[in-house]
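Okay, structure first, notes after.
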Amino acid sequence: MLLKTVLLLGHVAQVLMLDNGLLQTPPMGWLAWERFRCNINCDEDPKNCISERLFMEMADRMAQDGWRDMGYTYLNIDDCWIGGRDASGCLMPDPKRFPHGIPFLADYVHSLGLKLGIYADMGNFTCMGYPGTTLDKVVQDAQTFAEWKVDMLKLDGCFSTPEERAQGYPKMAAALNATGRPIAFSCSWPAYEGGLPPRARLGEEGSRSSSGLFLTSASQSAGIYKHEPPHLAICPPPYRRLLFLMENKKLMLRWKLLIGNFGLSLEQSRAQMALWTVLAAPLLMSTDLRTISAQNMDILQNPLMIKINQDPLGIQGRRIHKEKSLIEVYMRPLSNKASALVFFSRRTDMPYRYHSSLGQLNFTGSVIYEAQDVYSGDIISGLRDETNFTVIINPSGVVMWYLYPIKNLEMSQQ
Ligand code: GLA
């Protein structure tokens, strides 16, 4: 068992050490799965089925509606695109739904200043039963994706044994690297070894108002709320950043942003965005950008939020405080001595008046801070560690602060 663990860690280190400059900050973009699932019925539902038309229309929206310019650049195909393998064993897209092939789509996406992500599965089949990437196909598939000019690969792990995954994921990392094309590797391996993040809910209210599919998705995605990230903080420094990326790759599998779909209230949507950002999780939307509301766009395109998510220090935040009153506080250290604070309420009754001070949240020293409320834009000035303050947090909602020492005010506000 110990030997197995050591071997596994060895492989993990090997995967992680391929530091080629990609994914220095959490990736941002769009992926099909949460919103469009495996809808392959193009006869009845041509606008929404998994097809080149869907991806081209999303690419247009990303380029024209400000998404790309805010940093949302990856456009990711998920499951159900594969049509089979050709005579030489190369993957082929479904010819009816992707009549011009993936290189055509990649060119189109690149011409708009975006990047294309694709999906494969380390195993006999993808999770929806399409042809998988068995160990003997890993190198060939990596080469195919590179020839197609793909920029990210999500490698799922359905229909494989732990031994196949332990060989296959490092093999794919090496094979992608050997192609010479920078391809970000969204590695689902940890999710299959460690089990799913513990289930939690976005609050009773959310569970009651959500239904079916989206209740399930929201519950899975909300695993974050019970999941304690601090183990990352005790990793030795050289590895911390790499583990942070690894963790985020795991998160990417489960933790798509559900904002703009059918299950989340306004408060829950704001909470999801704030928590994903404080935990340095990827911002991968999965919603219909052709019909998204202005309110949801505001959440996803909040400039200060995105600046915090993409902070160059790349440190993942953690929960620093938890109250019996169902209030939690998360903190992420940022560059320029700034930090992000998220006050999150799991309550479902009414807005809660939470009293605290920076001192109670372990900020020390004689520094005077100022905070900017990330959603309202309000400035709270003159905060010393002993200053009492009150934040009013809506049920299933958050208050989020960008906190900076006043002496760095000019730098922080750039
Ligand atoms: C798994 C993954 C999802 C999605 C589906 C596709 O369930 O967790 O993100 O990729 O497979 O079938």
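Numbers for the structure displayed
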{"quantity": "Flag for A340 being part of a strand (DSSP E or B) and either within 16 Å of the ligand (Cβ to nearest atom) or surrounded by 21 or more Cβ atoms within 10 Å (Cβ to Cβ) (or both)", "calculated": "yes"}
{"quantity": "Of residues in region 62-85 being among the acidic types (D, E) and surrounded by 16 or more Cβ atoms within 10 Å (Cβ to Cβ), the one farthest from S51 (Cα to Cα)", "calculated": "D65"}
{"quantity": "Residue under evaluation I315, criteria (1) in a strand (DSSP E or B); (2) under 26 Å from W67 (Cβ atoms); (3) modelled with pLDDT under 90, criterion not met", "calculated": "(1)"}
{"quantity": "Total residues in region 115-146, condition within 19 Å of C80 (Cβ to Cβ) and among the charged types (D, E, K, R)", "calculated": "3"}
{"quantity": "Residue in region 152-165 that is farther than 23 Å from I292 by Cβ, within 16 Å of the ligand (Cβ to nearest atom) and of a type in the set (K, R) present", "calculated": "yes"}
{"quantity": "Residues within region 94-131 that are crowded, with 22+ Cβ neighbours inside 10 Å and within 29 Å of E164 (Cα to Cα), tallied", "calculated": "10"}
{"quantity": "Qualifying positions in region 276-298 - surrounded by fewer than 23 Cβ atoms within 10 Å (Cβ to Cβ), out of contact with any Leu (no Cβ under 7 Å at 6 or more places or on another chain) and part of a helix (DSSP H, G or I)", "calculated": "A294, N296, M297, D298"}
{"quantity": "Selection count, region 138-157, where residues are in a strand (DSSP E or B) and among the basic types (K, R)", "calculated": "1"}
{"quantity": "Residue under evaluation Q272, criteria (1) polar (S, T, N, Q); (2) in a loop (DSSP other than H, G, I, E, B); (3) at pLDDT below 90, criterion not met", "calculated": "(2)"}
{"quantity": "Residue within region 6-16 that is at pLDDT below 95, touching an Asp or Glu at 6+ places or on another chain (Cβ under 8 Å), more than 16 Å from the ligand (Cβ to nearest atom) and in a helix (DSSP H, G or I) present", "calculated": "yes"}
{"quantity": "Members of region 150-182 found to be among the polar types (S, T, N, Q) and modelled with pLDDT of 85 or more, listed by number", "calculated": "S160, T161, Q167, T179"}
{"quantity": "Listing of helices (runs of 4 or more DSSP H) fully contained in region 30-137 that carry 1 or more residues being within 12 Å of the ligand (Cβ to nearest atom) and touching a residue at least 24 places away in the same chain (Cβ under 8 Å)", "calculated": "33-36"}
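The values are calculated or read from the model by the stated rules, or taken from the named source; none is laboratory data. This structure is a prediction, so every number in the text was calculated from the model and none was measured. Please note: Cβ atoms are built from the backbone with ideal geometry, for glycine as well, and neighbour counts cover all protein chains shown.
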